[in-house]
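J.: Handing you a structure now.
The values are calculated or read from the model by the stated rules, or taken from the named source; none is laboratory data. Every value quoted in this text rests on a predicted model; they were computed, and no experiment measured them. Note: ideal-geometry Cβ built from the backbone for every residue, glycine included; neighbour counts use all protein chains shown.
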Amino acid sequence: MNSIVYSFFKKDFLEECVESENCLDNLNEITEDSVVLVQEKGDVLTFCEESDKTSSDELNEVLENGIHLDEVPKNEIMLVDDPELENIIVYLQRTFLDELKDEKEIVMSVSEIYTEFIPKNIRCSRDRVKRAMKLIRKLDGATMKKGEDKYRVKRADVGELMKIPELLLNKDADEILEEDAEGLEKFGVEF
């Protein structure tokens, strides 16, 4: 049995992605291994211009004409009770990627991130969310203006956000946070 691997993105997200070098590099990697499909809200599902066709002529014909789909319910990402730091980081990373499909940027404090994105029935301290955001920032998945207490996650950060789970497979989150922190703290830089 042959299988076809595909990735799905909203058309407006892809249009902005091609303007960001990091995002475009990741998109090119994805198109090497899978067929990329796009859909504008309420429109048909069809091939992304950058994507190759499938090995199935019948499927290519169907996708060239577009497939009408019912409205897709919002993705739900689950978080276990009292999660490890790495779980929170990946949970927030996936949540940000999902939110950035509809928003150009997310600007929130740790308290707002905690209130908005961490499920109420999950035991998880604000301090752990703060550490997760520090790591996301350290890995260039978010920025923070000097003197502000709000993190900014933009569509331009998608390429860096997409790398985070793989980085966490190879290195402990606490190790990453501790790297360079001691030397920079002497100069008043906080991680």
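J.: Run down K154, K163, K171 and say which single residue is in contact with a Gly (Cβ under 9 Å, 6 or more places away or on another chain) and of a type in the set (D, E, K, R).
T.: After applying the criteria, what remains is K163.
J.: Still on this structure: With (1) modelled with pLDDT of 70 or more; (2) of a type in the set (S, T, Y); (3) part of a loop (DSSP other than H, G, I, E, B) as the list, and Y91 as the residue in question, which single condition is left unmet?
T.: Here Y91 clears every test but (3).
J.: State the number of residues belonging to the range 103-128 that are outside any loop (DSSP other than H, G, I, E, B), crowded, with 18+ Cβ neighbours inside 10 Å and of a type in the set (V, I, T).
T.: Result for the range 103-128: 3.
J.: Let me ask another. So E15 passes all but one of these: (1) exposed (fewer than 14 other Cβ atoms within 10 Å of the Cβ); (2) at pLDDT 65 or above; (3) outside any helix (DSSP H, G or I). Which condition number does it fail?
T.: (3)
J.: Here's another thing I want to ask about it. So, in the range 129-158, how many residues would count as being surrounded by 20 or more Cβ atoms within 10 Å (Cβ to Cβ) and either among the acidic types (D, E) or not in a loop (DSSP other than H, G, I, E, B) (or both)?
T.: 11
J.: Would you confirm whether or not the range 116-126 contains a residue that is at pLDDT 90 or above and of a type in the set (A, V, I, L, M, F, W, C)?
T.: no
J.: Are there any pairs, at least 6 apart or on different chains, whose C-beta atoms fall under 7 Å, with the first in the range 89-102 and of a type outside the set (S, T, Y) and the second in a loop (DSSP other than H, G, I, E, B), and if so, which?
T.: That search, which allows pairs on different chains as well, returns Q93/G141; R94/I77; D98/N75.
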